[in-house]
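Input: a single structure, listed below in structure tokens.
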Amino acid sequence: MTMYFENLASLIHMGGHGVYVWSAYGMGLLIIVYNIVSPLRFRERIVSQIQRQVRSSQSRGWNLGVDKSLSLSKSSNGNKNQRSGADREQKLTIARQQEDSVNIKAQGAREGEVE
Amino acid sequence: MNWTFFHKLGSPKWFYEISGKWLPWLAIVAALLMATGLIWGLVFAPPDYLQGNSYRIIFIHVPTAFLASAIYVMMAFAGIVTLVWKMKLADMALKCCAPIGASFCLLALITGAIWGKPTWGTWWVWDARLTSMLILLFLYMGVIALRGAMRNTNTSAKACAILTLVGVINIPIIKFSVQWWNTLHQGATLKLTEKPSMAPEMLWPLLISIAAFYLFFTVVLILRLRTEILDRERRTKWVHKTVLARQEN
Amino acid sequence: MPLQMKRPVMKSQGPVVMSDTSLRGGRAFLGMVKRDLTLAFRTPGQTLNPVAFYLMVASLFPLGIAPEKELLSQLAGGIVWIGALLAVLLSLDSLFRSDQEDGSLDQLLLSPHPLPLLVLAKISAHWLTTGVALIVMAPLLALMLHLPTQAFPALILSLLVGTPLMSLAGAIGAALTVRVQRGGILLTLLSLPLYIPVLIFGTGAVQTAVEGMSYSGHLLWMAALLIFGLCLAPLAIAASLRIVAD
């Protein structure tokens with residue numbers, strides 16, 4: 001197949017119809033880009049929304065991860081290294097839940113004072 | 001016949017996982033086809049005897065016009081599935097198809113108008129095809145507006161399904177009456193697209209472009225649909241897992 | 001006592017025979033029409049709004065375009081038809097809304113009578129108050145816009161077939177948007193694509209009559225659409241009312 005147009009200039013000029021052809025293709029490109037960008041932005045918005053929701057429900061008493069549990073166990077459990085990691089984490093979960101409930105009660109008391 | 005496939009299709013989770021695997025491949029093929037079709041049409045195909053180089057707009061106008069109508073019919077099918085089988089995924093598909101179809105309809109109208117200027121001398125012409133496409137755009141805008149006006153997901157699902165069905169029943173009536181109205185007021189005019197008499201050097205890039213746009217529509221629909229699934233199923237565990245997995249990436 | 005009944009009936013009403021139910025359906029229809037007509041006649045100002053609107057819109061065209069007789073007589077058919085279309089659209093918003101606001105729409109949904117029948121009754125009453133008034137006004141407006149006299153029968157006949165069709169088609173949009181706040185404009189958006197074939201055939205009939213040719217084809221097409229609408233639209237409207245109710 002040979003290129004119909006001899007050079008770039010004639011390709012853009014398109015025998016006088018260049019404006020029409022290129023503006024039509026430009027609109028086409030715009031719509032194609034919109035159809036790609038719009039779903040991606042939608043996805044970012046929804047995913048970040050759900051992540052925030054999950055994180056806020058998680059912070060009320062779930063496991064935090066291995067590093068934090070280790071550092072906390074050093075302070076609270078001392079020399080109980082024989083215990084399995086799962087036990088340790090379970091204890092921490094309960095400890096954290098109790099901590100949280102204390103915090104919530106304190107917050108409630110504070111709010112009560114303000115009112 | 002084994003209906004398991006159909007009922008599996010109703011599971012948003014299954015669709016999410018399957019589409020995730022297929023999406024990259026579909027996207028690659030769509031991009032390749034699109035590039036091939038459009039570049040072939042723009043650069044390699046010979047110019048038209050009557051219209052010169054402006055006919056090259058056909059490679060965008062015809063696929064988007066086809067797709068605008070086809071997407072509306074797909075929405076009607078999705079509406080039937082929503083009303084009869086109450087499949088959530090069908091309603092999500094209906095919701096996601098609408099903006100894509102409307103954008104293609106708009107593109108078909110704009111490219112049609114731009115094509116009209118060098119061919120007929122005016123920016124807009126009330127010929128049967130363009131007028132029907134304009135009315136189709138009104139139908140799309142109606143569905144999108146109705147979806148936006150209703151808060152409740154269940155209600156908006158069924159209402160939009162009914163509206164789409166009423167619209168699709170109306171489309172043949174509109175096409176017929178507009179066609180008749182047009183021939184009444186104009187003499188025989190050059191039709192915008194005369195596909196059967198196209199030379200193979202022009203027909204092939206057109207067919208490739210049509211296939212490319214269909215595939216592009218599928219890819220974009222899957223993109224939107226996946227997010228819509230996450231949105232509606234946000235209380236389920238699998239969505240939480242998926243979203244968190246993404247966070248760690 | 002053997003009870004042969006299709007619809008639930010209170011025991012105090014005694015045994016019911018099949019033929020009674022069909023009679024009751026017809027009476028329900030007439031009762032509904034009577035109710036809506038009575039309501040409409042109680043607020044004559046509100047009921048005549050579409051007619052005033054019609055007159056004003058038709059006057060806008062010569063003011064906005066030109067008062068030349070030749071130009072106007074060419075446009076007259078279209079203007080009279082478009083004015084009628086817009087007036088019907090305007091009046092449709094109140095079709096279900098007043099009932100929805102005071103809760104009687106919910107009562108209608110609970111009625112033992114078939115909802116499509118009641119819906120058809122409401123639309124008939126609506127047409128009797130709005131459509132008929134527009135048809136009566138139309139010759140006056142056609143006179144003002146210099147429509148050629150040979151087209152007057154075509155105008156009246158086409159409006160006679162077209163206005164009930166427009167009431168039916170618009171009622172679908174009205175049912176879908178009845179619980180939407182400020183659903184008037186949305187109703188317009190939803191109904192217009194359905195109105196376009198009616199407009200095309202209606203104005204086509206008038207134009208053909210102006211040229212002196214037979215317009216029976218147009219009228220027959222519109223009549224076919226009207227029958228189609230009469231059969232299917234009440235079902236769609238009833239389904240829509242039930243859907244938006246929850």
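The values are calculated or read from the model by the stated rules, or taken from the named source; none is laboratory data. Note that this is a predicted model, so its numbers are computed, not measured. Ideal geometry is used to build each Cβ from the backbone, glycine not excepted, and the neighbour counts take in all protein chains shown.
Using the structure shown, decide if B:W14 is more than 10 Å from every other protein chain (Cβ to nearest Cβ), over 20 Å from B:L106 (Cβ atoms), in contact with a Lys or Arg (Cβ under 8 Å, 6 or more places away or on another chain) and surrounded by fewer than 16 Cβ atoms within 10 Å (Cβ to Cβ). Before you say what the answer is, go through the steps one by one.
Working: more than 10 Å from every other protein chain (Cβ to nearest Cβ): yes; over 20 Å from B:L106 (Cβ atoms): yes; in contact with a Lys or Arg (Cβ under 8 Å, 6 or more places away or on another chain): yes; surrounded by fewer than 16 Cβ atoms within 10 Å (Cβ to Cβ): yes.
Taking the combined requirement at face value, the residue satisfies it.
Among (1) among the aromatic types (F, W, Y); (2) within 9 Å of chain C (Cβ to nearest Cβ); (3) buried (at least 17 other Cβ atoms within 10 Å of the Cβ), where does B:Y140 come up short?
Single failed check for B:Y140: (2).
So which residues in segment A:13-34 are of a type in the set (G, A, S) and surrounded by fewer than 16 Cβ atoms within 10 Å (Cβ to Cβ), if there are any at all? Full working, then the answer.
From segment A:13-34, those of a type in the set (G, A, S) are A:15-16, A:18, A:23-24, A:26, A:28; that's our starting set.
Listed by number, the residues that qualify are A:G15, A:G16, A:S23, A:G26.
Part of a helix (DSSP H, G or I), surrounded by fewer than 23 Cβ atoms within 10 Å (Cβ to Cβ) and at the interface with chain C (Cβ under 10 Å from one of its Cβ atoms): does that describe B:T119?
no
Out of the residues in segment B:151-171 that are hydroxyl-bearing (S, T, Y) and more than 10 Å from chain C (Cβ to nearest Cβ), which is farthest from the chain's Cα centre (by Cα)? Walk me through how you get there before you give the answer.
Residues of segment B:151-171 hydroxyl-bearing (S, T, Y): B:153, B:155-156, B:164.
This time we only want the ones that are more than 10 Å from chain C (Cβ to nearest Cβ), so: B:153, B:164.
Working: B:T153: 23, B:T164: 14 Å.
Within segment B:151-171, the match that is farthest from the chain's Cα centre (by Cα) is B:T153.
Only one of (1) modelled with pLDDT of 95 or more; (2) surrounded by fewer than 16 Cβ atoms within 10 Å (Cβ to Cβ) fails for B:L221. Which number is that?
Condition (2) is where B:L221 drops out.
Need the failing condition index for B:D127 against (1) over 27 Å from C:A223 (Cα atoms); (2) in contact with a Leu (Cβ under 9 Å, 6 or more places away or on another chain); (3) acidic (D, E), just the number.
Tallying (1) over 27 Å from C:A223 (Cα atoms); (2) in contact with a Leu (Cβ under 9 Å, 6 or more places away or on another chain); (3) acidic (D, E), B:D127 fails exactly one: (1).
Counting only residues that are surrounded by fewer than 24 Cβ atoms within 10 Å (Cβ to Cβ) and assigned to a helix (DSSP H, G or I), which one in segment B:42-54 is farthest from the other protein chains (Cβ to nearest Cβ)?
So, considering only residues that are surrounded by fewer than 24 Cβ atoms within 10 Å (Cβ to Cβ) and assigned to a helix (DSSP H, G or I), the one farthest from the other protein chains (Cβ to nearest Cβ) is B:L42.
Taking segment A:13-37 on its own, how many of its residues are within 7 Å of chain B (Cβ to nearest Cβ), on the phi < 0 side of the Ramachandran plot and not hydrophobic (A, V, I, L, M, F, W, C)?
Total satisfying the criteria: 7.
Name the one entry in A:S84, A:S10, A:S71, A:S57 that is surrounded by fewer than 18 Cβ atoms within 10 Å (Cβ to Cβ), farther than 25 Å from B:A31 by Cβ, modelled with pLDDT of 55 or more and more than 9 Å from chain B (Cβ to nearest Cβ).
Values: A:S84 fails: modelled with pLDDT of 55 or more; A:S71 fails: modelled with pLDDT of 55 or more; A:S57 fails: more than 9 Å from chain B (Cβ to nearest Cβ).
None of the others qualify; the one that does is A:S10.
Which one of these is in a helix (DSSP H, G or I) and within 13 Å of chain A (Cβ to nearest Cβ): B:G148, B:G112?
On the way: B:G148 fails: within 13 Å of chain A (Cβ to nearest Cβ).
Exactly one of B:G148, B:G112 is in a helix (DSSP H, G or I) and within 13 Å of chain A (Cβ to nearest Cβ), namely B:G112.
In segment B:1-41, what residues are assigned to a loop (DSSP other than H, G, I, E, B) and of a type in the set (F, W, Y)?
Initially, segment B:1-41 is screened for residues assigned to a loop (DSSP other than H, G, I, E, B), giving B:1-3, B:10-11.
Passing the criteria: only B:W3.
Could you check segment C:185-223 and list, in sequence order, the residues that are without any contact (Cβ under 8 Å) to a residue 60 or more places away in the chain and among the hydroxyl-bearing types (S, T, Y)?
Once the filter is applied, which keeps residues that are without any contact (Cβ under 8 Å) to a residue 60 or more places away in the chain and among the hydroxyl-bearing types (S, T, Y), segment C:185-223 yields C:T208, C:S214, C:S216.
Give segment C:21-80 a look and list any residue that's outside any helix (DSSP H, G or I) and hydrophobic (A, V, I, L, M, F, W, C), or say none.
C:I65, C:A66 - these are the residues of segment C:21-80 that are outside any helix (DSSP H, G or I) and hydrophobic (A, V, I, L, M, F, W, C).
B:K95 - would you say it is away from chain C (no Cβ under 14 Å) and within 21 Å of C:D246 (Cα to Cα)? Break it down stepwise before answering.
On the way: away from chain C (no Cβ under 14 Å): yes; within 21 Å of C:D246 (Cα to Cα): yes.
Yes.
Condition (residue is in contact with a Lys or Arg (Cβ under 7 Å, 6 or more places away or on another chain) and over 27 Å from C:R182 (Cβ atoms)) applied to segment C:98-119: is it met by at least one residue?
For segment C:98-119, residues in contact with a Lys or Arg (Cβ under 7 Å, 6 or more places away or on another chain) and over 27 Å from C:R182 (Cβ atoms): present.
Sort through C:L187, C:L159 and tell me the only one that's crowded, with 24+ Cβ neighbours inside 10 Å and either within 14 Å of another protein chain (Cβ to nearest Cβ) or within 30 Å of B:R147 (Cβ to Cβ) (or both). Don't jump to the end; show me each part of the working.
On the way: C:L159 fails: either within 14 Å of another protein chain (Cβ to nearest Cβ) or within 30 Å of B:R147 (Cβ to Cβ) (or both).
Exactly one of C:L187, C:L159 is crowded, with 24+ Cβ neighbours inside 10 Å and either within 14 Å of another protein chain (Cβ to nearest Cβ) or within 30 Å of B:R147 (Cβ to Cβ) (or both), namely C:L187.
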